[in-house]
Amino acid sequence: MYIKSSILLLGLLMGLALSSFTVTAMEIEGVEIPDTLTLPNTDTTLILNGAGVREKFFLDIYIGALYLESRSSDVKAILNDTGAASVMMHFLYSEVSKDKITDGWADGLKKNTSQTKMKTLEENLTAFNKLFRTVRKGDVIRIDYLPDSGTQVRINGEWRGTIEGNDFFRSLLSIWIGEKPVTRSLRKSMLGE
């Protein structure tokens, strides 16, 4: 009887330990990154796939976090998916100008897409760039993809606009997880590796 009770108690304690482990959020540079994210005006909840710091010249620029419907480290599957997804950028650097942000989108897309595809993205990229402003330390940009509406941009929770089409969002994702990512270390982190 004592052995059965001990085994049962041990199992219960292990279960509690594991469940508390899976619900804790990730912390990077003192910023808590939630394990799940609910897309605004929906009941869609996404799971943190991975997160890391975007560094440039030894400076921490932002924390990039990728949220998907289910975890995956398969780049091809993620880029070919049509489901909901989100990228959260929590800025660590004192100030990043609108021009730096929009130049970053263009550079990242050019490195990860063909010239032909880039031409098809130009109109959407121009509209997308208009949704941004200069950001400062503590600001959060969220780029959410909702299958029924497209790529939605929010800065500090404020809705800035929507760009239609899954193709545009998946192309944006290639900036972080494509063959020529913004940084290899951030790619690895966002893929949960």
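Kindly provide the set of residues from region 157-188 that are of a type in the set (S, T, Y), touching a Leu at 6+ places or on another chain (Cβ under 9 Å) and in contact (Cβ under 8 Å) with a residue 40 or more places away in the chain, ordered by number.
Answer for region 157-188, where residues must be of a type in the set (S, T, Y), touching a Leu at 6+ places or on another chain (Cβ under 9 Å) and in contact (Cβ under 8 Å) with a residue 40 or more places away in the chain: S171, S174.
When you look at S174, is it in contact with a Lys or Arg (Cβ under 9 Å, 6 or more places away or on another chain) and either within 13 Å of L66 (Cβ to Cβ) or in a strand (DSSP E or B) (or both), yes or no?
Answer is yes for this residue.
Would you mind listing the helices (runs of 4 or more DSSP H) fully within region 41-133 where at least 1 residues are under 26 Å from E164 (Cβ atoms) and of a type in the set (F, W, Y)?
By residue number, 98-112, 115-129.
Select, from I78, I61, the only residue that is in contact with a Lys or Arg (Cβ under 6 Å, 6 or more places away or on another chain) and not acidic (D, E).
Criteria check complete, one pass: I61.
Scan (1) over 25 Å from E27 (Cα atoms); (2) surrounded by fewer than 19 Cβ atoms within 10 Å (Cβ to Cβ); (3) touching a residue at least 40 places away in the same chain (Cβ under 8 Å) for the single condition F128 breaks and write down its number.
(2)
For region 150-180, give me each residue that is crowded, with 18+ Cβ neighbours inside 10 Å, of a type outside the set (V, I, T) and closer than 21 Å to K111 by Cβ.
F168, F169, R170, S171, L172, L173, S174, W176, G178
I'm told E123 meets every condition in (1) in contact (Cβ under 8 Å) with a residue 24 or more places away in the chain; (2) over 22 Å from V31 (Cβ atoms) except one. Can you identify the failing condition by its number?
Every listed condition holds for E123 apart from (1).
Could you tell me which residue of region 181-193 is farthest from D144 (Cα to Cα), considering only residues that are within 12 Å of the chain's Cα centre (by Cα) and surrounded by fewer than 22 Cβ atoms within 10 Å (Cβ to Cβ)?
G192
Looking at V53, is it of a type in the set (A, V, I, L, M), at pLDDT 95 or above and more than 11 Å from the chain's Cα centre (by Cα)?
yes
Tell me yes or no: at least one residue of region 69-77 is touching a residue at least 12 places away in the same chain (Cβ under 8 Å), within 15 Å of G178 (Cα to Cα), of a type in the set (K, R) and surrounded by 11 or more Cβ atoms within 10 Å (Cβ to Cβ).
No: zero hits.
The values are calculated or read from the model by the stated rules, or taken from the named source; none is laboratory data. The structure displayed is predicted, hence computed values, not measured ones. Don't worry about glycine lacking a Cβ; one is built from the backbone with ideal geometry, like all the others, and counts go over all protein chains shown.
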